[in-house]
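Heads up: the structure comes next, in structure tokens.
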Amino acid sequence: MYRAILPAAVAVWLPDGKPSSAIFHHPKFSADIADKTTLPELAGRWPVGTAFVQFTSGVARTLGFSAHHEPEHGNDAHANVYCDHGTSDRKKKARALAAQCQLVHGSTPNGRGGGGTTTLAE
Amino acid sequence: MPTTLETVGVLRPTNALPNGFAEAHGRLASFSALQANWDGYGAGPIPPAILSAVRAFLDRLAQMSSPPVPRDSTFPAVVPLSSGAVQLEWHVGERILELEFETAEVIHFLKWWPQKGVAVEGTYFANDLSRSVTLLDWVLCGHDSA
């Protein structure tokens, strides 16, 4: 799955190229299913400078997240990822998923990035 | 005994900030310019009260002598959250400390070192400087009394 990081957020959510847990600090967040899209297609739908991080739905599931295919606005690849954010463990879950994801497209303020090509994950 | 700068460290001149903290201040200042929906997912602007609280927190830490904040201290990443909170992150080797200002008064922390089985989170009042110092001592120096 891919999660888009818009340009204003790239500057703060990918410090030194390391994904911050801030990317996943949401009880519900949008992602795109890799099997239903491509990175070039995704990049074409978002503003120039958008970065993408990748994680598998299987890993997300083991960490307490739940991904659901929910197309919206004509985007058949769209999914919502849900997390029952209890106040006692929401930071652990977000940090754990950040540790498991990787930057696959775009560059950070320091010029580090995923070159835009990668093996598509679940 | 109440926690004061005198009890947790010696005041240092304000022109001798640890290296990373001056940069952290600069990044924090830039957050006031973040517009609504800056993350593309509906985030609001960062509340000025939280920015002020983080700024004051950094100032208090920066005025302490080492430990736990030596001059060559690891730069804390300063990260806004979509919720309007602001998070300070230290990454030191495999250890990670996150101090999230949920509000101007409350810090939600995470100690993270999964290789050693450390994954602890909780909340405390932002004015409890001794608690922050203990957590920083853990991430910067590896001392585990937090």
Aspartates and glutamates whose Cα lies under 17 Å from that of A:Lys28, excluding same-chain neighbours fewer than 8 positions away: A:Glu70, A:Glu72, A:Asp84, A:Asp89, B:Asp39
Qualifying aspartates and glutamates (Cα of each under 14 Å from Cα of B:Lys116; at least 8 residues distant if same chain): B:Glu94, B:Asp144
Inter-label distance for B:Phe125 and A:Ser66, nm, one decimal - labels placed 7 Å from Cα along Cα-to-Cβ: 3.8
B:Gln35-B:Ser83 pseudo-label distance in nm [points 7 Å out on the Cα-to-Cβ vector]: 2.7
Per-residue average of Cβ from other chains inside 10 Å of A:92-101: 3
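Since every read-out is calculated from the coordinates, none of them should be taken as a lab result. Not measured: the values here are computed from a predicted model. Note that we place each Cβ from the backbone using ideal geometry, even for glycine, and neighbour counts take in every protein chain shown.
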